[in-house]
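S.K.: Can you read through this structure? Questions will come right after.
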Amino acid sequence: MTTPAPAASRKVFVKSYGCQMNVYDAERMKDALAGEGYSEASVIEDADLVILNTCHIRERATEKVFSELGKVREVHDARAARGEKTMIAVAGCVAQAEGGEILRRQAAVDLVVGPQSYHRLPDLLRRAESGARVVETEFPPEDKFDHLAAPSPTAIRGRGVAAFVTIQEGCDKFCSFCVVPFTRGAEASRPLARVVEDVKRLADAGVAEVTLLGQNVNAYHGLDEGGATRGLRSLIERLAGIDALKRIRYTTSHPNDFSGDLIAAHRDIDKLMPFVHLPVQSGSDRVLKAMNRKHDVAKFMGIVDELRAARAGIALSSDFIVGFPGETEADFEATLELMRQTGMASAFSFKYSPRPGTKAAELAEQVPEAVKAERLARLQAQEIQQRQAFNAATVGRVVDVLFEKKGRHAGQIGGKSPWLQAVHADGPEDLIGRVASVKITSTKPNSLAGELV
Ligand code: 5AD
Ligand code: SF4
């Protein structure tokens, strides 16, 4: 017989996979549970509640979750042998997609909760604690943004110099390969004033950089105080007025929502960093059409040109999928060519992975695994070459670095360049949280070294 820990001393351990949205959701879940007396466990063995915050976007996601659950089960059983109860919850997009199947396949799981229902977590846990096995994967009619606890000041303080803030969630685009419209639901934006309040609170607690998050962040259309709809540029303008906030970023964007005024914001607003992540997925119009992306290569190139004209030195990154059904060698070469032509500073590339329930999963001409692997290797080799060239081009230059933390050895501090490159330099710890000029002296595989000037 195991006994639950007293409410005041309970500990939660959240393990997150996948995108920044999940990282942010994990913080919000911890905030919601703090109100129930849960503090954070530093190791899984101490946790009275383990939450796996899962990702469903690519490859064998579900299988990975079950193998991870097997490991959590061992912790659960070891604690049970000591008379301690461990609750196990599965959250995130696999929870949304698999629902009750998770309870069937892993008997130790108490609760399955989709991303739309995190504000109900305390209530759902109480139900699970009283012995029910709970599945919550409905899309509730209320706006989940309205119910999430505001982050507590102590929770904010632990978050360091750079923070993420979700401003938009969900997607109505239905690219034929993608599960997001199914797992994250319809597009929704948080009201402008709420976001501004959150960011002010973060800035008061020492946060100098925010990254605005959304699956389609540039489709943001939040209501302002007067009830008018405002786009991403308006929001960024308001945030730029917060003195203590030094840097603003946003991710991830869709080409079709890239408005002229957002492009011009990169010219007009200094705090908006000159680095844009804009997924294109393929350099072939034929493949883009089959992907239901609703834009062509020319449209994407046009945005790239306008961004470069708006802000000198702006850098770009993108997402690519190789081996989409029907992709030929010529299609793939067009993707390589787009990568070269746009001079991407970095990129993420993925082998196409059929996601259950999506249109592309049913297409006949699936590309053989070996071909996907070979294309991925070529694209990634090209990416490494371009990233290294981009990094090498900063050597000898003086760049602004926002210092975020102590470095590996004593006297060293680390931070980020405007282009999200990790930079290390020798300097005083009181620079952490501030922007300083650094002359870049050399490049390492995953970072740059420099000297304060
Ligand atoms: N297969 C491979 N990659 C995918 N992505 C999304 N769905 C799939 C899929 N089914 C990639 C896209 C997207 C990124 C977040 O993940 O490139 O931009
Ligand atoms: Fe998925 Fe396309 Fe929506 Fe991005 S825009 S989340 S790839 S459906």
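S.K.: Could you tell me whether any residue of the range 205-218 is closer than 30 Å to Arg60 by Cβ and in a strand (DSSP E or B)?
M.R.: Yes.
S.K.: A follow-up question, please. Please list, ordered by first then second residue, the pairs with beta carbon atoms under 7 Å, 6 or more apart or interchain, first in the range 372-393 and surrounded by 15 or more Cβ atoms within 10 Å (Cβ to Cβ), second of a type in the set (Phe, Trp, Tyr) and not in a helix (DSSP H, G or I).
M.R.: Lys372/Tyr352; Leu379/Phe320
S.K.: Turning to a different aspect of this structure: Please give the number of the condition Ala5 fails out of (1) surrounded by 15 or more Cβ atoms within 10 Å (Cβ to Cβ); (2) within 23 Å of Glu129 (Cβ to Cβ); (3) hydrophobic (A, V, I, L, M, F, W, C); (4) modelled with pLDDT of 90 or more.
M.R.: Among (1) surrounded by 15 or more Cβ atoms within 10 Å (Cβ to Cβ); (2) within 23 Å of Glu129 (Cβ to Cβ); (3) hydrophobic (A, V, I, L, M, F, W, C); (4) modelled with pLDDT of 90 or more, Ala5 violates only (4).
S.K.: Then there is this: Looking at the range 344-363, which of its residues are closer than 26 Å to Cys171 by Cα, part of a loop (DSSP other than H, G, I, E, B) and of a type in the set (Gly, Ala, Ser)?
M.R.: Matches in the range 344-363: Ser353, Gly357.
S.K.: Just one of the numbered conditions (1) within 11 Å of ligand 2 (Cβ to nearest atom); (2) surrounded by fewer than 19 Cβ atoms within 10 Å (Cβ to Cβ); (3) in a loop (DSSP other than H, G, I, E, B) is not true of Gly160; which one?
M.R.: Every listed condition holds for Gly160 apart from (1).
S.K.: What number goes with the only condition from (1) over 18 Å from Thr166 (Cα atoms); (2) in contact (Cβ under 8 Å) with a residue 60 or more places away in the chain; (3) of a type in the set (A, V, I, L, M) that Ala265 does not pass?
M.R.: (2)
S.K.: When the range 276-322 is examined, which residues are found to be within 16 Å of ligand 2 (Cβ to nearest atom) and hydroxyl-bearing (Ser, Thr, Tyr)?
M.R.: Ser282, Ser317, Ser318
S.K.: So, one more: Taking the condition of a type outside the set (A, V, I, L, M), more than 25 Å from Ala436 (Cα to Cα) and at pLDDT 95 or above, does Arg233 pass?
M.R.: yes
S.K.: From the list Ser353, Ser349, exactly one residue is touching a Leu at 6+ places or on another chain (Cβ under 7 Å) and either within 16 Å of ligand 2 (Cβ to nearest atom) or without any contact (Cβ under 8 Å) to a residue 12 or more places away in the chain (or both). Which is it?
M.R.: Just one listed residue meets the conditions, Ser349.
S.K.: Among (1) more than 30 Å from Gly414 (Cβ to Cβ); (2) more than 13 Å from ligand 2 (Cβ to nearest atom); (3) modelled with pLDDT under 95; (4) not in a loop (DSSP other than H, G, I, E, B), there is one condition Asp261 misses while meeting the rest; what is its number?
M.R.: Among (1) more than 30 Å from Gly414 (Cβ to Cβ); (2) more than 13 Å from ligand 2 (Cβ to nearest atom); (3) modelled with pLDDT under 95; (4) not in a loop (DSSP other than H, G, I, E, B), the lone unmet condition for Asp261 is (3).
S.K.: Here are some residues: Glu63, Glu138, Glu98. Which one is modelled with pLDDT under 95, out of contact with any helix residue (DSSP H, G or I) (no Cβ under 8 Å at 6 or more places or on another chain) and among the charged types (D, E, K, R)?
M.R.: Glu63
S.K.: On to the next question. Within the range 396-453, considering only strands (runs of 3 or more DSSP E) that don't extend past its boundaries, which have at least 2 residues that are within 18 Å of Val210 (Cα to Cα) and in contact with an Asp or Glu (Cβ under 7 Å, 6 or more places away or on another chain)?
M.R.: Those strands (runs of 3 or more DSSP E) span 412-416.
S.K.: Looking at the range 123-141 only, could you name the residues that are surrounded by fewer than 17 Cβ atoms within 10 Å (Cβ to Cβ) and either under 19 Å from Pro181 (Cβ atoms) or touching a residue at least 40 places away in the same chain (Cβ under 8 Å) (or both)?
M.R.: Passing the criteria: Glu129, Glu138, Phe139, Pro140, Pro141.
S.K.: Suppose the filter is within 21 Å of the chain's Cα centre (by Cα) and within 16 Å of ligand 2 (Cβ to nearest atom); does Gly231 pass it?
M.R.: Here the answer is no, as Gly231 does not meet what is asked.
S.K.: Can you tell me which residues in the range 255-268 are surrounded by fewer than 17 Cβ atoms within 10 Å (Cβ to Cβ), within 26 Å of Ala208 (Cα to Cα) and not acidic (Asp, Glu)?
M.R.: Those that are surrounded by fewer than 17 Cβ atoms within 10 Å (Cβ to Cβ), within 26 Å of Ala208 (Cα to Cα) and not acidic (Asp, Glu): Ala264, Arg267.
S.K.: Restricting to the range 404-433, name every residue that is touching a strand residue (DSSP E or B) at 6+ places or on another chain (Cβ under 6 Å), over 24 Å from Ala347 (Cα atoms) and touching a residue at least 60 places away in the same chain (Cβ under 8 Å).
M.R.: Once the filter is applied, which keeps residues that are touching a strand residue (DSSP E or B) at 6+ places or on another chain (Cβ under 6 Å), over 24 Å from Ala347 (Cα atoms) and touching a residue at least 60 places away in the same chain (Cβ under 8 Å), the range 404-433 yields Lys405, Ile432.
S.K.: Follow-up question, since we're still on this one. Just name the residue that is farthest from ligand 1 (Cβ to nearest atom) out of those in the range 170-195 that are over 18 Å from Glu362 (Cβ atoms), outside any loop (DSSP other than H, G, I, E, B) and in contact with an Asp or Glu (Cβ under 7 Å, 6 or more places away or on another chain).
M.R.: That would be Ala193.
Conditions tested, residue by residue: (1) crowded, with 21+ Cβ neighbours inside 10 Å; (2) more than 27 Å from Leu202 (Cβ to Cβ); (3) in contact (Cβ under 8 Å) with a residue 40 or more places away in the chain.
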{"site": "Tyr24", "(1), (2), (3)": "no, no, yes"}
{"site": "Arg28", "(1), (2), (3)": "no, no, yes"}
{"site": "Ser42", "(1), (2), (3)": "no, no, no"}
{"site": "Glu59", "(1), (2), (3)": "no, yes, yes"}
{"site": "Val75", "(1), (2), (3)": "no, yes, no"}
{"site": "Gly83", "(1), (2), (3)": "no, yes, yes"}
{"site": "Val90", "(1), (2), (3)": "yes, yes, no"}
{"site": "Ala95", "(1), (2), (3)": "yes, yes, yes"}
{"site": "Glu101", "(1), (2), (3)": "no, yes, no"}
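The values are calculated or read from the model by the stated rules, or taken from the named source; none is laboratory data. None of these values were measured; they are calculated from a predicted model. Cβ coordinates were reconstructed from backbone atoms using ideal geometry, including for glycine residues, and neighbour counts include every protein chain displayed.
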